[in-house]
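Shown next, in structure tokens, is the structure this report addresses.
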Amino acid sequence: MDLVREPLVLGGVFLLLLIFLTVIFTARVVRGRKEINRLNDNAEALRGSLSLAEAELNLLNEAVRDLSCVVTKKDLLVLILKKFIKQTPSRKGCLLVKEGDNFICKLASGIDKKALREARFKSGEGLVGEVLRNLAPTIIKDIRVHERIKTSPKDSLLAGETKTVLSLPLLVGGKVEGIVNLYGEEASHFETNLRLYSTLASQAQISIQNANFYLQMAEKQRMQRELEIARDIQRLLLPDGSPQLPGFDIVGSNISAEEVGGDYYDYIPVSAQELGLVIGDVSGKGVPAGLVMTMVRTILRSEAPGERSPKEVLARVNRLLYPDLKPGTFITLFYAILNTENRSLAWARAGHDPAILYHQAKGEHELLRDEGMALGMDSGEMFSQIIEESTVQLNSGDALILYTDGVTEAMNPKEEEFGLERLVETVVENGEVAAEPLMKRITEKVTKFAGSAKQHDDITLIVLRAK
Amino acid sequence: MIGCEISTRTFDLGTRIVQVVDVSGFLDAHTSSQLENTLNSLVEAGDYNLILDLKGLDYINSASLGLLMGIAKRVRPQGGDIRLVNLSEKINKIISVLGFSKVLKLFDQTKEALTSFK
């Protein structure tokens, strides 16, 4: 029995062992399968995120490449919106640009035109307000139920049929310069791809910053070039030195402001014993003023020789100049003719500041403020009717000071003007001083008065002293 | 930099509509374009009867004065004009030195300027 039972017992044990091993093995296999599945899942996920990362990288590379070769700011903004729209399934979105205190919709895709016309948001308004508070990409799942946005009809108009929006602020130099709104049906797309959109926004920010910088540089360079051209024009027009006159000392100077004003002075031979002295100021500044100055000089230099009446010269210059001037451009001139033989001085004033005539013997001064109007205001008839001329005999020691408003309107840091009184005072105080040192004292006094204040206009002077 | 303020008032005189443009502050290189835009849009809209009220104007640059002349040239052929009121002593002086007072009509009060358009 035992012998018979033994193999049975053995068989039973073996069976149990087999079952046990099978169970363990099966469990292992199941676990292994699970493991394999899990690994597969992981690999899938890795592949997914890898392809996402690859897509992001591609997109970014593409964005960097495209965004960095755009020349104008408008083209850049168009491209930025395109990059975003390409990723958005609904192909619907817009770009709001900050102008003053408002955000204005400048570019859009898939949005109703009527909605775009209305799309001008104040800083705190609707979705714009929400993004400005968050200063980060903001997903609104359903704008129709969002507490602060449902009350903003312009946002509803922009969204139209779609209910979800991803709003991305474009921060440049710490300030929101623009906002990209992307619309969709489902929030999940924006949630899944938030990193991609944010990366794109960062790149857009850098591109905008670069573009701003380049534009500033280009503008600065352009302005610098223009300033140099204006300065060159003025330098070409102004006399090189002072003429040597029998019985008279004469000197002139121009200290141009950083943004060159339209000041001009000149000595023009009228006859063997007569010299024309002219000082003037063209309205406006820079190159446009410089070009007008060139015209004035050319016409004056062709009209002055041989003409003994200063008002006739100015009337002719006005008549010739008027048709070629842009409306709104005018020129003030003070024109005097000095006769070195009989020591007479004749003058006329075309809207220019009155000259100062100092009579040394009496220690008195007078302002030469005869009637007249600036050139370029009237075609001729009224100009000729109004303008007057006078003549005076110059005695030894008498002085004539011609100046532009850059002298009298020079400001100090307290925004006080130098003024005509201080100029007259300087002339009277230096009544015995020769032309050149007198001019130096005037400019010194003006410069000292202005102190650290910026020079806004050209400072131009002619000083004549009878010996 | 001190800016300038510009606003417009409309007066219906029955026979004519007159636009009064109030300008205060500093009219300089930075702000003259504001006045230019205001006046240009009025003229483009067919408003040729203009009064510039300069009460509170502290400074005017040559470009802004030129602008007024340019506007006068544009509106006069249309039967309109640009007239100035409330000029400070300083601005009055600038305008008379330039001879602008010969070509632009100046008034002490807005009321007088309005009546002059009737």
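The values are calculated or read from the model by the stated rules, or taken from the named source; none is laboratory data. Just so you know, these numbers come straight off a predicted model, no measurement behind them. FYI the Cβ positions are ideal-geometry reconstructions off the backbone, even for glycines, and counts take in every protein chain you see.
Has the stretch A:45-54 got any residue that is surrounded by 11 or more Cβ atoms within 10 Å (Cβ to Cβ), closer than 19 Å to A:Thr199 by Cβ and at pLDDT 70 or above? Taking every residue of the stretch A:45-54 in turn, none turns out to be surrounded by 11 or more Cβ atoms within 10 Å (Cβ to Cβ), closer than 19 Å to A:Thr199 by Cβ and at pLDDT 70 or above. Give just the number: which of (1) surrounded by fewer than 18 Cβ atoms within 10 Å (Cβ to Cβ); (2) in a strand (DSSP E or B) does A:Asn212 not satisfy? Only one criterion in (1) surrounded by fewer than 18 Cβ atoms within 10 Å (Cβ to Cβ); (2) in a strand (DSSP E or B) is unmet by A:Asn212, namely (2). If you filter the stretch A:356-380 down to residues that are away from every other protein chain (no Cβ under 14 Å) and among the acidic types (Asp, Glu), you find that the one that is farthest from the chain's Cα centre (by Cα) is A:Glu364.
Scan the stretch A:339-355 for residues that are within 25 Å of A:Asp405 (Cα to Cα) and more than 9 Å from every other protein chain (Cβ to nearest Cβ) and jot them down.
Kept after step one, since they are within 25 Å of A:Asp405 (Cα to Cα), are these residues of the stretch A:339-355: A:345-355.
Correct list: A:Leu345, A:Ala346, A:Trp347, A:Ala348, A:Ala355.
Cβ separations smaller than 6 Å between residues 6+ apart or across chains give the following pairs from the stretch B:69-81 residues that are within 12 Å of another protein chain (Cβ to nearest Cβ) to residues that are assigned to a helix (DSSP H, G or I): B:Ile71/B:Leu39; B:Arg74/B:Val43.
Being among the small types (Gly, Ala, Ser), modelled with pLDDT of 95 or more, touching a helix residue (DSSP H, G or I) at 6+ places or on another chain (Cβ under 9 Å) and over 30 Å from A:Met295 (Cβ atoms) narrows it down to one residue among A:Ala399, A:Ala350; which is it? Going through A:Ala399, A:Ala350 in turn, the sole match is A:Ala399. The residue that is farthest from A:Arg316 (Cα to Cα), counting only those in the stretch A:326-338 that are within 14 Å of chain B (Cβ to nearest Cβ) and either modelled with pLDDT of 95 or more or crowded, with 19+ Cβ neighbours inside 10 Å (or both), is A:Gly328.
All of (1) more than 14 Å from chain B (Cβ to nearest Cβ); (2) farther than 24 Å from A:Ile356 by Cβ; (3) not acidic (Asp, Glu) hold for A:Ser242 with one exception: (2).
Taking the listed residues B:Ile91, B:Ile95, B:Ile71, B:Ile82, the one that is part of a strand (DSSP E or B) and under 28 Å from A:Val282 (Cβ atoms) is B:Ile82, with no other qualifying. With the requirement that a residue be within 14 Å of another protein chain (Cβ to nearest Cβ) and over 11 Å from A:Trp347 (Cα atoms), what does the stretch A:382-398 give you? Once the filter is applied, which keeps residues that are within 14 Å of another protein chain (Cβ to nearest Cβ) and over 11 Å from A:Trp347 (Cα atoms), the stretch A:382-398 yields A:Met382, A:Phe383, A:Ser384, A:Gln385, A:Ile386. The sole residue among A:Glu191, A:Glu177, A:Glu186 that is over 35 Å from the mean Cα position of the chain (by Cα) and at pLDDT 90 or above is A:Glu191. Evaluate the following for A:Leu321: is it touching a residue at least 24 places away in the same chain (Cβ under 8 Å), buried (at least 23 other Cβ atoms within 10 Å of the Cβ) and more than 10 Å from chain B (Cβ to nearest Cβ)? Here the answer is no, as A:Leu321 does not meet what is asked. Filtered by the rule that a residue be out of contact with any Asp or Glu (no Cβ under 6 Å at 6 or more places or on another chain), within 8 Å of chain A (Cβ to nearest Cβ) and either in contact (Cβ under 8 Å) with a residue 40 or more places away in the chain or aliphatic (A, V, I, L, M) (or both), the stretch B:51-67 gives B:Ala63, B:Leu65.
Condition check ((1) out of contact with any strand residue (DSSP E or B) (no Cβ under 8 Å at 6 or more places or on another chain); (2) outside the structural domain of A:Thr88 (by TED's automatic domain parsing); (3) buried (at least 18 other Cβ atoms within 10 Å of the Cβ)) across all residues:
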| position | (1), (2), (3) |
| --- | --- |
| A:Pro153 | yes, no, no |
| A:Leu166 | no, no, yes |
| A:Gly173 | yes, no, no |
| A:Ile179 | no, no, yes |
| A:Glu186 | no, no, no |
| A:Phe190 | no, no, yes |
| A:Leu194 | no, no, no |
| A:Ser198 | no, no, no |
| A:Ala201 | no, no, yes |
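Collect the residues in the stretch A:313-346 that are acidic (Asp, Glu) and farther than 15 Å from A:Ser379 by Cα, keeping them in residue-number order. The answer is A:Glu341, and nothing else.
Checking the condition modelled with pLDDT under 95 and in a helix (DSSP H, G or I), which residue from A:Val317, A:Val287 passes? Walk me through it before giving the result.
Details: A:Val317 fails: modelled with pLDDT under 95.
Among A:Val317, A:Val287, only A:Val287 is modelled with pLDDT under 95 and in a helix (DSSP H, G or I).
Given the structure, is A:Ile279 in contact with a His (Cβ under 9 Å, 6 or more places away or on another chain) and assigned to a strand (DSSP E or B)? So A:Ile279 fits the description; yes.
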